[in-house]
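Below you'll find the structure, written out as structure tokens, and then a few comments.
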Amino acid sequence: MSTGSGADSAPAPPATDPTPVKQTMFSSLRVRNYRLFAIGQVVSNTGTWMQRIAQDWLVLSLTGSASAVGITIALQFLPMLLFGLYGGVLADRLPKRRLLLATQAAMGATGVALAVLTLSGQVQVWHVYLTAFLLGLVTVVDNPARQTFVAEMVGPDQLRNAVSLNSANFQSARLVGPAVAGVLITAVGSGYAFLFNGLSFLAPIAGLLLMRPAEFHRIDRAPRGKGQLREGLRYVAGKPELIWPIVLVGFIGTFGFNFPIWLAAFVDDVFHADAGTYGLLNTLMAAGSLAGALLAARRGSSRLRMLVGAAILFGFLEVVTAFAPTFWIFALMMVPIGMFGLTVNVTANSSVQLATDPLMRGRVMSLFMMVFTGGTPFGAPLVGWVTDTYGPRIGFAAGGAVAMLAAAAVGLMLARAGGLRLSVGWHHGHPQVRFVPRAELAPAA
């Protein structure tokens, strides 16, 4: 079994403090390498959110079609569906810091290229399609490498906390990015948002270069060999605690997370507003997501029943919000939707990583991300068509209903795999719904 060599792989975990760090909301930030990583990511994530808002609004401006926005999103995530598992194999084999230096530079280049096209007045919708597809190709490798690199920086004791803070980092940027993008688009156009995104990748590149490789935790790297894709799939298929959470995030990612389509359509067709309102809705959702991420960082465990419950509530809230009678009710509902959506994402991510052998983590997480984002090439055009044909309210409600039903079905499958059954009864005068061992009698009324 190869353990790798070179500047990115240390012979042993850092010996500066053998005592496990106490778990607090921000405990993983005490690790210098992770702190550098987090600072770089919050800058680049802000740029990423600016580009997402500007890209969606630019496509809508060029075409006037929610379906075209869906096609753009589909093209960005299509490479993950086609090649996602290969990215996981590379993440398991290669030094992750070097890999991330290459992918972050390439992602910055796509932002600069789109900025040049837009600022020169030459941009056409196919340029946006092509840029989205190229960005998706780079993400195939970047995503599993970035997800699994966290374990090398913080070690197993702080992994759950660091995964939650990664999401909090992303959502903090989401608070700022859409608002700034809305102002920039209104004032000077989309091009400067793309330019900021391209330049923002200098921050994570600098953070990676400033890290101390000797302080990385030792993670064995998978040797080169045949059949590693099939090995990863067999590994996941044999573990219900992996396969069912991945199935659930697949349904939710495909049908429940198409917010660029729905929010753009609501702003344009229902509320007749502008890019600033689109940015506001994204910012409110980010506020809820940030709260969900920080609460997840504070929790000490990631239970599968929490995953299923949060997913059911997430889908239910989407259905209710779809028929909100006024703009401000609709806008305020973005907060709990963001909170429960993020809880689903963080709980699934951390529970899958912690249940996976480190040698398999790159392939398992690439499958996780492939299913979560790879369904978008199918879901986004379909949701876009439903939204265009039947209206934003029906499109939004349909996505939420699929997410809610999928969560209920997965909950029943996990209960069956764990030898549990649903028990409905009364406890101290209150109705109670819970899963109990099959041999346990239901509580008496």
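What follows is calculated from the coordinates using simple rules that are stated; it is not laboratory data. It should be emphasised that the depicted structure is a prediction, and the values quoted were computed from it without experimental measurement. Glycine gets a Cβ as well: all are built from the backbone with ideal geometry, and neighbour counts include every protein chain shown.
If we sort 349-360, 235-246 on the protection proxy, mean other Cβ atoms within 10 Å, highest first, what's the order? Can you show the working numbers first?
Details: 349-360: 19.4, 235-246: 17.4.
Order by mean packing, descending: 349-360, 235-246.
Could you line up Arg52, Arg303 from fewest to most neighbouring Cβ atoms inside 10 Å? Please report the intermediate quantities before stating the final value.
Working: Arg52 20, Arg303 11.
If I rank by nearby Cβ atoms, fewest first, I get Arg303, Arg52.
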Sorting check: for 173-179, 331-337, which peptide has the highest mean count of neighbouring beta carbons within 10 Å, and how do the rest follow? 173-179, 331-337
How would you classify region 288-410 from its alpha-carbon gyration tensor, with a ≥ b ≥ c the square roots of the eigenvalues: rounded for a/c under 1.5, else prolate if a/b is greater than b/c, otherwise oblate? oblate
For region 63-149, what class follows from the C-alpha gyration tensor (a ≥ b ≥ c being the square roots of its eigenvalues): rounded when a/c is under 1.5, otherwise prolate if a/b is larger than b/c, else oblate? oblate
Just check region 329-373 against the gyration tensor rule for me: Cα atoms, a ≥ b ≥ c as the square roots of the eigenvalues, rounded for a/c under 1.5, and otherwise prolate or oblate depending on whether a/b exceeds b/c. prolate
Say R0 is 25 Å: what FRET efficiency, to the nearest 0.05, do Ala109 and Leu209 get from their beta-carbon distance? 0.90
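Within 10 Å of each residue's Cβ, count the other Cβ atoms and sort Trp57, Trp328 from fewest upward. Kindly include the intermediate steps, with their values, before the conclusion.
Values: Trp57 26, Trp328 8.
Going from sparsest to densest Cβ surroundings: Trp328, Trp57.
Provide Arg97, Arg416, Arg35 in ascending order of the number of other Cβ atoms located within 10 Å of each residue's Cβ, fewest first.
Arg416, Arg35, Arg97
Which peptide among 72-79, 203-210 comes first, and what is the full order, when sorted by highest mean count of other Cβ atoms within 10 Å? Don't jump to the answer; show the numbers that get you there.
Working: 72-79: 24.5, 203-210: 18.0.
Result, highest mean first: 72-79, 203-210.
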